[in-house]
Structure formats: structure tokens, C-alpha cells
Number of protein chains: 4
Amino acid sequence: MGMIGGGPGAFIGPVHRIAAEMDREIELVAGAFSSDAARSAAAGEVYRIDPARAYSDVAAMLAGEAARDDGIDFVAIVSPNHHHLPAARAALAAGIPVLSDKPMTATLAEAKELAALVAAAGLPYGLTYTYSGYPLVREARARIAAGAIGTVRKVVVEYPQGWLAGEAAGKQAEWRVDPARAGDGGCIGDIGVHAFHLAEFVTGLAVTELLADLGAVVPGRALDDDCTVLLRFANGARGVLLASQIEVGELNGLRFRIYGDKGGLTWRQEEPNTLILNRLDGSSEVIRAGTGLLGPDAAARSRTPGGHPEGYLEAFANLYRDFAAQLRGEPAPLLPGIAEGLRSMAFIAAAVAASRARAGWVTLDI
Amino acid sequence: MGMIGGGPGAFIGPVHRIAAEMDREIELVAGAFSSDAARSAAAGEVYRIDPARAYSDVAAMLAGEAARDDGIDFVAIVSPNHHHLPAARAALAAGIPVLSDKPMTATLAEAKELAALVAAAGLPYGLTYTYSGYPLVREARARIAAGAIGTVRKVVVEYPQGWLAGEAAGKQAEWRVDPARAGDGGCIGDIGVHAFHLAEFVTGLAVTELLADLGAVVPGRALDDDCTVLLRFANGARGVLLASQIEVGELNGLRFRIYGDKGGLTWRQEEPNTLILNRLDGSSEVIRAGTGLLGPDAAARSRTPGGHPEGYLEAFANLYRDFAAQLRGEPAPLLPGIAEGLRSMAFIAAAVAASRARAGWVTLDI
Amino acid sequence: MGMIGGGPGAFIGPVHRIAAEMDREIELVAGAFSSDAARSAAAGEVYRIDPARAYSDVAAMLAGEAARDDGIDFVAIVSPNHHHLPAARAALAAGIPVLSDKPMTATLAEAKELAALVAAAGLPYGLTYTYSGYPLVREARARIAAGAIGTVRKVVVEYPQGWLAGEAAGKQAEWRVDPARAGDGGCIGDIGVHAFHLAEFVTGLAVTELLADLGAVVPGRALDDDCTVLLRFANGARGVLLASQIEVGELNGLRFRIYGDKGGLTWRQEEPNTLILNRLDGSSEVIRAGTGLLGPDAAARSRTPGGHPEGYLEAFANLYRDFAAQLRGEPAPLLPGIAEGLRSMAFIAAAVAASRARAGWVTLDI
Amino acid sequence: MGMIGGGPGAFIGPVHRIAAEMDREIELVAGAFSSDAARSAAAGEVYRIDPARAYSDVAAMLAGEAARDDGIDFVAIVSPNHHHLPAARAALAAGIPVLSDKPMTATLAEAKELAALVAAAGLPYGLTYTYSGYPLVREARARIAAGAIGTVRKVVVEYPQGWLAGEAAGKQAEWRVDPARAGDGGCIGDIGVHAFHLAEFVTGLAVTELLADLGAVVPGRALDDDCTVLLRFANGARGVLLASQIEVGELNGLRFRIYGDKGGLTWRQEEPNTLILNRLDGSSEVIRAGTGLLGPDAAARSRTPGGHPEGYLEAFANLYRDFAAQLRGEPAPLLPGIAEGLRSMAFIAAAVAASRARAGWVTLDI
């Protein structure tokens, strides 16, 4: 694997590296970590890769690796959003599969361009909507598909954070509040889209309509930092998506509550090893990761027995495991890819446009 | 105290009785518990009152009690919503103060009529928005007023229930889903209005605009059973109000999270003895009821030391304590009354109308 | 009801008054609240009783009330431990039934004397081991009796508090750390005995052997403030009882975990409305108060629907309800009485003696 | 790194592999995974190592690796307890450092022998007491060392599990209940010793006396499966250690509560990213992993920002990181080694002997 982005100060680069290598199917061997050669070299040193394989631009990496017998088999794109399309385009042009951090691109137009490029290239393309890698998220999806809560009627998905409540500092914040680098969406594109993907992933239902109310709460901010989006799903189910980055004290509180006519399921990312199933008869079941209560997909994606908590890195690693399977030509139907990426970008675009226009309900069709 | 409503099968009558008498300032001595004489007598027996004082209509009770030396000093109205106005009107006409279950009346027009009657009568009038009686809710209000979280920016108030997810049964459900008895609002009037009141009570801010999306999810239901309302507060703060009665597995999950530019406060009714204060510097404080950390109002409304849980009945009793103070001519500024009732009814009316018309944002001015 | 003790500054007096009156079967009408006439009168005023019925000693109350047509039907003894025997003796001699705060008396010898007096008098006698009044504690007892967890193998009952960790202050602490007034046991008699009773109550099993390690941790303290007691039950089950009053940050953390060969049950007093049942197959059930999942005894002792939390005062009121039934001649088999009181006093005596002697395992037979 | 043990069906082998490689300082390249050649080869395939480096005995591995330029730098011993000494002896004899799963050996006598061997060899030796690798465990240690709770007075450390409550099945259970392979201690040696180490690690205090009550609850079991141990620490602090493998519904519930004269700290392994600090003034602080509230050691051992949960594998990886530092000659004072191993083995031996003899309090000196 070669990494694009993930230079000094980026949180997500090391996360990708650890996740990629956790199951020992993938090894980080090269990277275009930064456009600054010294910084890329420094990152390479931290990652303990061969110094010759720490490149300062994507083209150089693709060329350099193509020239090697042991060159990279795919790239992981972890740079800010506006780099996603050009990086993916270059990799695909070089015949290299792509696993990309979300969102797919900075804009919907770019996403459509990338979809066409992937289709033309016929190469694997995956998107790391990390939270869909949690075993109990997959268990929730499987249980809903199997009818455990009946027909889905109501979806509440929330993603509260508080780290942008004050004057944001550091590399993580900088590009996220800059329209030129993050795209049109701030909070909605950074985390709202995770919540959107999770809602569709777990329910197996497409959002068909939305009403968005995005706000820029912190004075002087150009992009939204607090989002409320009302949803309608294909089966008529009602939904609410809340995402915010100004909710002081919230760390990474992604969670969902999904209700059908026979039951309800609730899950929280910050305590990811417990899933609660409530039934219409008043009974409640606590489903714990790593136990015999899990279905095959969730069981196969737990690395430890019950009570030995797994977390974010292990969830992330489950996506890499899916991608590795895809590279070997095996099916990995739960790994998000182009279809999910396009829907996500359409969601961001629709939410941003509808909120600006105070447009009320708009359709989401892609 | 004389009770209006609260006959056999009603949950709320015994709750009012216990709450009223908890601090031994008030005693239930009479009631028009049901319009059916036998049922009213039966209720009177359950409440252990003098059989002669179990009346079968309000007028009879007011007349009968007026004729006694030890007649009632006020009435508590706990009947279904459409009885609230006539019962209050009769009591006020008889010179009797009123403590009423929420909502104030079945419709906004009725509420305005009642407001005028109360003003004309110059008598105490209170509304049992129960949840504002919890000591830690008052602590939250006091802390926000004192600047603990800075300027309020965001309010999330949720009230999930699940008991109307199936075919509802029993007396509790029957009138709540019938427009003739409940008024125009179903879930929004039954529990959404609690959430609305709590949001204004705790923040000290008025809601000025709202966007409502009310749905009737269970097939065949005439009134809303699932509500999402976006809010704007007078200072520009953003808000979301979620209320539902079809969320399977939720019992009475009222809760709020309020964020300012310096901190955040979270509270849940089902674990009412804990309040969490998060600060911008990343620190979190756990404030527990009955401890020395409480301010004077909350401390004065805790009856047990920390760790000896108080609950719903004690919160309810705090409202009766406030009302008793008012009857004695003492100030009880936190007891909801006409102003809060009018705002609540205006909220219901605006939400119902705006949702039906898919009107987008509407103003709330009263 | 007449109260003995509960004068100004006592926490437990008002608790008894509220609990006694909650179901409107009992009314506080008289009291010997303090041996100081002025203080007893002041207390009577706070309790809003007829000033003529606020007495300054027990004998005066018993005589005064006997002379009235509407005299008291029983006394509630809420004074410090060393008053329990004389007060009960006087009441029984006057033909008045007794409901007493725990522990039964200050010493085991006194308890035996009282047991004989009660037997001779043939009058109702109850002990307010409050925590056995919680609906979910009774549900746990009923479930275990019905075999829900199979044969009980292991009992862990804990009662952590922290309020005596520092230099204790106030009336509550004063007599509890004084051997002359509290008896030989400090923490063991004040709260350890609650844990002991709960263990026997919920399992339906008698403790037959114990090994006690009591310590006086805070410098200068004459009585134990931190207790560990190992237990063996009649069926051979193993047990551990932990009680402490020096665990900083703990408020009133009484809890139990009971394990059998088919399941386990856990409950915490500070969140008393939830009981967890774990089964050998790995499944977990959450049982919530006020819902249709409760058996008849627990259901009959819940006053509110699920999600409307009940707490300490309601649990206490359930004991008064049992006692009222007993006064009417109805069975109330779950109300603790002489038998439970004797066992509790024997437990305290055995634990104190065994710990002082570093005696290892001793038998508990009474 | 070469692995000893960890063949097919072993849970702990893959855990060591992932933990070792997480920070990319270490790579698993060889193994004597099983004494059965076919099984060792199969394991090697699962671990994706060079087939030539999957050996069927330790001697062969040590010889084979010594003959390579890129031979192993250390061994990780993850086999059942009775293999620990011979495996370590062989490695040390070959000049190879050792990182060993706990307990150090099967018996105290073996442990002393190993201690002498390590001293003679002058080679790094580490023990994976995993739970001491959690960032918040280290934070707790650092806070206590810095005086956050004052003088430690009371320690409660618990390790409930339930997986041996029934007829145990599978490879994990088999050797743990067999004295020939597990040593004299069952539950006490398997998990009780984790709790013991954690108690000493976090408090920085040595246990000086203990009173042990070990039981074999499940019929037919030769080794203890339920343990209660009372403790005294060097400063006079009182302690209780509870460990059990028959508590149905408990997964891996290791936790501690530590109280001093100024505060208390609580932590639970199953929710490892939260540490609670209570202070004598009644205030409570919630310390969350990955936030700016952590001291330098804990901060350096968190790989993700707050709210992105880390778990068991990351804690384990922190021990490997410490060991890698030690291999490079850097200090890693918090990695358990010979001293901690000896104390742990002495603890097991003392507990087993004292319990069998019903000996009461015994001293623990080593």
C-alpha cells in the first residue's frame, strides 16, 4: 500500500497505517505524505518505510512504484478533501486501485467525474466510512435485514462533537473550516456524511427527501459547524440527522436509534461493544461484541472475546480487510464504494443547497 | 384541595394526590373524579376521602365545598385536555384558585380565553409542567443563568416514548389519540410541549421561530405520534426538539443537552439525580442531587441526601410546594403559570399548523 | 402514627413521615421528637401536627395519646440506636404496635429482650430495612425464588459510602461514631446490616458462617468505618459483603450481584429502576420498573409507569404499606420483623466479635 | 519476534501478533506455535510468515533463527503456564530476550529459578500484564503518585468473569482447569493475579499481608474458580480483591476503586476510556482518554483522539512498545518484569496455601 497524505501532524495517516496492517494482509511500503519533500521524508521515517519510497508527489510515487518489482498494489488517499479527485484520478490512470478517506471528493461534480473514471478503469475503489466497520453496526444491519425490528419507521442518527466550539487550532481544524479545501460542506461534509452513510447502511434504506438547516455558529466561520437534517426514507420512514462540532464536551458521539413496528435498536460509537435491542413486548436485550450472540459477519470481524473491548482502529481495520478481499477478487459487499460515495456527495450538496435557499423539503435522487 | 378528574384508571390522579400531600401543606379532601357518580364515589374511596365529598360534577363540588366551613382552597384539574377550560372557568368563577395539568387547554383560543379569565379573577393559577420540578433541572437553569456555559448557542431537547408504537390500549391512550378530546396536537401536545417548556425553562430564552414536521406513523392514527421541530431562540441560538411516542423501547426518555460558548449541560429524566457539566477546557463535572454542590433553589427542593434517589413524584411535589407558597402569598417564580401556558399552547398551534401546511419556518409570538 | 425521635436536624424523621403518609393509609398525628420540649415543639411545627401532641418524652406521648379518642395506633421509632429498646418496650407495654428504624436495638442482648417482649405482647412489630421495599428488589427475590438463576452460588453485596471519610460533622455523624449511642458496630451496624439483610432477603438464604475484617480507618475513630465480611450461605453459596463509609465520592452505593448456576442478577440502589438478568446462554435482559415485565408483588409496589423514576421515599413507603396491612390483620410476609431483626443483630455482634478476635470463620446461628 | 505457543485455537496468539506489530517497531517473523508440526505450519500460514520459519519446537526455532542474518531479536511466550519456564530458559540460554505472557511460570519455585536465570543472562525480560498498558490505568497511577487522592486508604479491585460457570468447553478452558498445566492456582492464577498486579501498579504500594478464600464452585473442578482475598498494603491501607470465573453474565469485568483521604479513583476495563476522580469536597471529574487532560505517559500511549475508543489490543500494544524501547536500551519503567512476576507468583502461592490451610492472615514477602 502507498499512502497519499498523512504527513506530519495528520491524525488520520497513522490510523490508516495501523488499520491497514492489523490483519497482516497489507503493508505500508510507500507514500506521498506531503508535497513538501522534507516533510514527506520525515513522515516516512515515522512510518518506518524505506526512505527511497517517501515521495513528495503522487505522480512520482506512482512512477517510482511502477518501476519496482515489489511496487504498491493500491493507494490509500488520506489527504484533505480537495485532493481526493486528483489523487484518485492519477492512481486509476496508473492502473492502481484506490481506497479513499471520505468524503469521496470535495464536490458532487467531482464525485460524478470520479465515478466515471472508476467505471472506466474497472478497478477496485473503496471508501473508509469507518463506522460501518464496527462489528455491532454490522450486527444491527443484519438484524434489521432479518426483521428483528419489523418495518423501519423512524431513524435518529446523531454525531455530536465539540472540538470546533472554540477558536479552532491545529492542522486538523484548519482545512476543515476552509471552503477551498473542504468543499462546500463544513460539519455536514466532515461528520454529517458519516451519520448519513450510517443511517442508510444500517437500515438498508435510501434517503429520498431531506430538509436541511445548517448553521455557522462560531463567529467568523465560513462553513457550517452545526447541522440538523430531516429525512424521509424510501419506505416512508421518518428520520432526523443531527451533527455538530460546537457541542462543548462531546468528543465523537456518533450514535443511532432505529425504530420499527416490532422493535428498536440503539448503538453508540463511544461504547461500541454494546448494542441494545428493545422489543414491542417491553423486553430488552443487551448484545455484546465478541459473544456467541453475534451473527456471522459481526463475529468474523471481532478479534477479541467478549469483554475485551475493541474500538476505532479495529473497526477501521475491518474496512481494510474488506478491501483486501476485494483486491483478491473476493466479494466484500459491505465495503462502501462508488455508489455510497455518490449518494454521500449528493447528500452534502443537497443539504448545503437546500439550507442556503431555505428550500424546505428537497428530493435526493442519484 | 379538590380534584377534577383522576377517576378510576387514570394514572395521573394518584400522582397529583401523592405530590400534593408530600410536604403536608396540602390535603386532598374532595373531588369531582368522574362524571359518572358511581365511578367518582369509587375513586373517592380509593383516595380515602369523605364519601360526601366525592362529587359527580364540577359545579356540584364547587357548590358543595362553598357551603362547608372546611371547604377546598383550590382545585387541581387532571382531566383530559378538553375539560381544562370549562373546569378552570367554573373554579375561577367560584373564586377558587386553580392548579392544572398541562396543557393549559385543548386549543390556543381556549388558552387565551382562560388567560383573560385568570387575569380578571386575580387568582393564583399554576400549571404542572412536572419536569421543571426536578432539583437538577432547576440547578441547570440556575447555572445557565449564572453563566456556567456562557452564551447559549444550541439546545437539543428530546422526549422519546414508545408506548403508542403498537395498537394502544387502555384509558391513558384512548383520549390522547382522539382530536375531540386531546385537541389538535397528539404527541406534540402530550409530550412535545413538555420538551418545549423545559427548553425555555432551563435556558431562560424564548423560542421565536420554529419549523415543524409532525407525523402520524401508526396506521389509522388521526393525530401526530412523532414530531421533529427545529427551533430558534431569542438570542439566535439554534435548537432541535424531538418527541415521539412510537419509539419502541423508550419509556419516558425526556432529556436535554444545552451548549454555550463556554460549556454544556446534559440531563436525563430517567436518571434525574445526575447533571453533567462539560467545560470548554475539556473538563467534566458530575453534579449529583442532594449534595453540597447544589445552589439554594435545587437544595431546598431535595428531600433526601445524595445517593438516596428522588424521582418523578418528588419533582411533582415541588410544583405543589410552589403553588402552596403562592396560595400563602409568597413568591414562587419558577412555577409555570399563565404566561408559560400561553406560550405552550401557541407552540402547539404553530407546530400543528406549520406542519400541516409544510410551511417551513414560522414565527412564534405571543 | 406517633413518632419517637426525628427532631430538628434528623434526616430520617421527615423521610418516615413522607413514607408513612404516601399511600394515605397512615397519618402522623403525634410525636416525642426530642427530649427537649422546645425542640420537640419545633419539630411538631415543622411536621404540622397539633402542638398539644408534640411531647417531650415517650411516656408522656403514650399516656397523652391513650387518653384521646383519636389516639395513635402505632409508633414509629426513628431515634438513635440506643433508644430503640426502651422506646419499643414502653410502646409495647402500652399495647401500641411498633415500627422501628433499623437496627432493632443497640446490642444483641437487647434484641433478644425485645424479641421476648414482642412475643409476649402479641403486637405487630416491623423494621424498616428500607431497601427491601424497592419494587425491583422484590422482583429479584421473586425471580430467584422462581428459579430464574438456578441454584445460588455466589453473592456480592456492597454498600459504599464516603461521607465519613473526612472529619465528620453534623448530627447525622455524631452518634454514629459514638459506641455509647450506636452500639458496638459503626459502619457494620449503620449500613453493613442493610447489606446483610438485603443478601438474605433477595436470595431467600440464611448466612451460616462469616469471616469479618472491620477497620477504623479515619484516625481517632472508635468504631469501624470500613468493613469486609466473607459469607457462607445455608446452601453452601459463597458471599462477600463490603461496606464502607470512607470511600470518597460514593454517596449511597448499595448494590448486589447474585449468581446461580443458570444466571445472574444485578441491581444498584442509586439507579433503582433497572434490574439486569444475565443468563448462561449469554443473553441479558433489562427489567425496568413500572413495566409489564414485573411480577405481581413488584407491580403492586410501583406507583408510576415505566420511565417515571421512583426512589428512596417510595421504597420506604412500601414498608409502611406492608405495616398498615399488618395492622389491619392482613399478611405482609415481606416486611422485616423480629426474626430479621434478631438475625441482623446477631450478624453485627458476630462480625464485631470475630473481627476483634481475628477469629477467622465463625458460625452465625440464631 | 518469534512466538512460542499461539497455535490454532489459541486466542492470545493473534492478540500478541497484532499488539506487537501495531506500532511497526516489531514484526512477527517466526514461531514455534505448536509441538505438532502440522499445526505449527498451519498457524504460520494464518500469521502469514515464511513457512520455513514455522517450527515445531522451541529449540529448533532458536537454532534455526540463530543461523539466519535476519533472525529473531526476542521471543514472545504465549503458551500455557507450565511451558513458560522451559521456553524462557531455552531462549535466555540462546541469548534471546523474552517477553512472556503472565503468569511468569506455573509455580513460585519456577519463578525464582527464572529470576536467577534472567539475572545471570542480563537480558531484557518483560511480562504482559496487559491491563497496565491502558492509558487511563497509567493516568490513574500518575495521579495517585502526584497526590490526587492523598494517602491511599482502601483498594477494591475486582475481576468478574462468567465463562467457566457452565461445563467449560474449548481449548481456552481446558488447560486452565488442569493443575498439571495451569499450576496450583485456577482463577487466582488466571485472572486474580491480573487484579493483584493492577492493585500494586496503580497504587504504587506493595501488598504485605493477605487472607485468602478460594473456592471451586463448579462441581468436579480441581482448581479454584472463585476467589476472595483480603489485602493489607505497606502503608496500612486495606484492600479487597475479588476474582471469579463463575459469575454468569460477566465477561471481563476487571475494575478498581481506590480511595485516599482526599479523593477516589474508579476505572473499568470494559469501558476503558473513562476514569472518574472524586474529591473530598463532593466534586467529580470525568477524565477521558485521548484528551488534553492526560499526563504525558498516558497521552503518549493513546493513538486516537478523544471519543475514538481504544481497547484491549491498543493496551497490549503499549506493553510491546515499552518492550521495544527496552530492547533499544531505553528505559521503560512501567513494563512489568521479573520483580512484578515474582511478586505475582508469591501472591498466587500464598493465596492458594493460605486458603487451603484456612490460615487467616499471612504475610506476603518477596
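Every read-out reported here was derived from the displayed coordinates using simple, explicitly stated rules and does not represent laboratory data. All figures in this text were calculated on a predicted structure; none of them were measured in a lab. Positions of Cβ are generated from backbone atoms using ideal geometry, with glycine treated the same way; all protein chains shown enter the neighbour counts.
Observations, loosely collected:
- C:Glu167-B:Ala300 FRET efficiency (beta carbon distance; Förster radius 35 Å; 0.05 resolution): 0.85
- Computed over chain D: relative contact order in percent, which uses C-alpha pairs under 8 Å that are six or more apart: 19 percent
- Helical segments meeting 20 Å axial Cα length and Kyte-Doolittle 0.0 threshold in chain B (DSSP H): B:312-327, B:338-356
- Using the Cβ-Cβ distance between B:Thr151 and A:Phe11 with R0 = 22 Å, the FRET efficiency computed as 1/(1 + (r/R0)^6) comes to roughly 0.15.
- Taking the Cα centre of the protein assembly as shown as origin and assigning +1 to Lys and Arg Cβ atoms and -1 to Asp and Glu Cβ atoms, the resulting dipole is close to 0 debye.
- Each Lys and Arg contributes +1 and each Asp and Glu -1, all at the Cβ; summed about the Cα centre of chain C, the dipole is approximately 780 debye.
- Springs join every pair of Cα atoms under 10 Å in this Gaussian network model of chain C, and among C:Leu241, C:Leu251, C:Leu313 the largest mean-square fluctuation is at C:Leu251.
- Close Lys pairs in chain C (alpha-carbon distance under 26 Å; sequence gap of 8 or more, or different chains): 4.
- Cβ-Cβ FRET estimate between A:Asp178 and B:Ala216, R0 fixed at 45 Å, reported to 0.05: 0.55
- In segment D:275-346, GluC sites (Glu not before Pro) in a DSSP loop with at most 16 other beta-carbon atoms within 10 Å: none
- Formal net charge of residues neighbouring A:Leu313 (Cβ-Cβ distance under 11 Å; K, R +1; D, E -1): -2
- Here B:Asp36 yields copy-to-copy label distances, from shortest upward, of 5.7, 7.5, 8.2 nm, the label point defined as 7 Å from Cα along Cα to C-beta.
- Build a GNM of chain D with springs between Cα atoms under 10 Å apart, and of D:Leu114, D:Leu280, D:Leu85 the one that fluctuates most is D:Leu280.
- The largest-to-smallest principal axis extents of the Cα set in segment D:2-128 are 36, 31, 30 Å.
- In plain terms, chain C is cut at each of the trypsin sites (Lys or Arg not before Pro) found in a DSSP loop with at most 15 other Cβ atoms within 10 Å, and the longest leftover piece is C:69-327.
- Counting charges near D:Gly147 (Lys, Arg +1; Asp, Glu -1) among other residues having Cβ under 11 Å from its Cβ returns a value of +1.
- Net charge in the neighbourhood of B:Tyr129 (other residues with Cβ under 12 Å of its Cβ; Lys, Arg +1, Asp, Glu -1) is -2.
- The Rg/Rh ratio of chain D, with Rg taken over Cα atoms and Rh as the Kirkwood radius over Cα pairs, comes to 0.96.
- A crude spin-label estimate for the pair A:Ile366 and B:Ala109, with each label 7 Å from Cα along the Cβ direction, gives 4.8 nm.
- Label point distance in nm, B:Ala60-B:Glu330, each placed 7 Å from Cα along Cα→Cβ: 3.7 nm
- Among chain B residues, the one whose Cβ is nearest the axis of the rotation from B to C, given with its distance rounded to whole Å, is B:Gly311, 2.
- Karplus-derived HN-Hα couplings along segment B:252-267 (A = 6.51, B = -1.76, C = 1.60, θ = phi - 60°), whole Hz, x at Gly and Pro: 8, x, 3, 7, 9, 9, 10, 10, x, 7, 10, x, x, 10, 10, 8
- With q set to 0.07 Å⁻¹, the log10 of I(q)/I(0) for the protein assembly as shown, from the Debye formula over equal scatterers at the Cα positions, is -0.82.
- Segment A:Arg279..A:Ala206, full-extension length gain: 23.9 nm, with 0.36 nm per residue of separation and the alpha-carbon distance subtracted.
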